[in-house]
Amino acid sequence: MGTGGRYGLRPGKGNAEGVVAGKGNTDGVAATPTPTAASASCQYRCIECNQEAKELYRDYNHGVLKITICKSCQKPVDKYIEYDPVIILINAILCKAQAYRHILFNTKINMHGKLCIFCLLCEAYLRWWQLQDSNQNTDPDDFIRYAKEWDFYRMFAIASLEQAAFFTGIFTFLWIERPTTAKKKPDFILLLKALLLSSYGKLLLIPAVIWEHDYTSLCLRLIKVFVLTSNFQAIRVTLNISRKLSFLAILSGLLVESTMVYLFQRMEWDVGSDCTIYKSQDF
């Protein structure tokens, strides 16, 4: 796709204002800082071979832009800077490594915390809804409104602890295996952001509850598998490690999470176990 593509260029990481191209109109290209200024503040990654690059494109003024070619693989460093966000999202849903590299390395996304909180709220609501559904009572006086509210807060706290346990298992495994995972010290801060972003599949929990059918349990299992697959791809792309190590890291996280769920159940805490995807035996 050439620089005069239908959707124009999209902003890349390190570009202060990004590139905005009009449809078939070269005058719609906004001025961008020089490549040397952009490369001085950050580094990019080739989405094909994961090699570092100093720039994503060159601006020759008057709307003439040229995508940088990777010196290692001889392919465009980041073809997605020309793509529409919807296409990028579809490629991310398909768990393509190139789309993940574009999002994690070549764009500025600072919504990790907000997305994490929202996903936990979705998960807590699903557990709370399952809890209320299993405790039906014909006498409304038996339930106090604020008690139901505290049940939701409790589900949120439990979901947060289980996610923390899942991430702890992953980081512990990767820390133990760090001599073989990468030639340089792994960036666990970036990995944490990648894991939070790749957990966006939990947003599908709410539609699964709204459109309740007999196959809701199957939908929830598929959502769980999708989230784990996205986490797997995020680990592999961020640390540039093999599929085997990424898979073992996911298994380690699931083992620690399942252990915490088991402890909660031993303490007779209701963790919303009626929701099949959160039963420890599912793992």
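Using a Förster distance of 35 Å, how high is the FRET efficiency between E52 and D84, based on the Cβ-Cβ distance and rounded to 0.05?
Given R0 = 35 Å and the Cβ-Cβ separation, E is 0.85.
Can you give the percent of C-alpha pairs in the stretch 44-101 whose distance is more than 19 Å? Write out the running numbers ahead of the final one.
Details: 540 of 1653 pairs.
Result: 33 percent of Cα pairs exceed 19 Å.
For a quick check of understanding: with a 1.4 angstrom probe and all protein chains in place, what accessible area in square angstrom does K79 have, to the nearest ten?
70 Å²
W211 to Q74: extension gain in nm, 0.36 nm per residue of separation minus the Cα-Cα distance?
Result: 44.6 nm gained on full extension.
Under the 0.36 nm per residue contour assumption, what length would be gained going from the current alpha-carbon distance of L218 and L161 to full extension?
18.1 nm
Could you work out the relative contact order of the stretch 44-101, using alpha carbon pairs under 8 angstrom and six or more residues apart, expressed as a whole percent?
32 percent
The values are calculated or read from the model by the stated rules, or taken from the named source; none is laboratory data. Keep in mind that this is a model prediction, so the values were computed, not measured. Here Cβ is always computed from backbone atoms with ideal geometry, including for glycine, and neighbour counts include all displayed protein chains. SASA here: full protein model, heavy atoms, side chains in, ligands and nucleic acids out. Shrake-Rupley method; radii C 1.70, N 1.55, O 1.52, S 1.80 Å.
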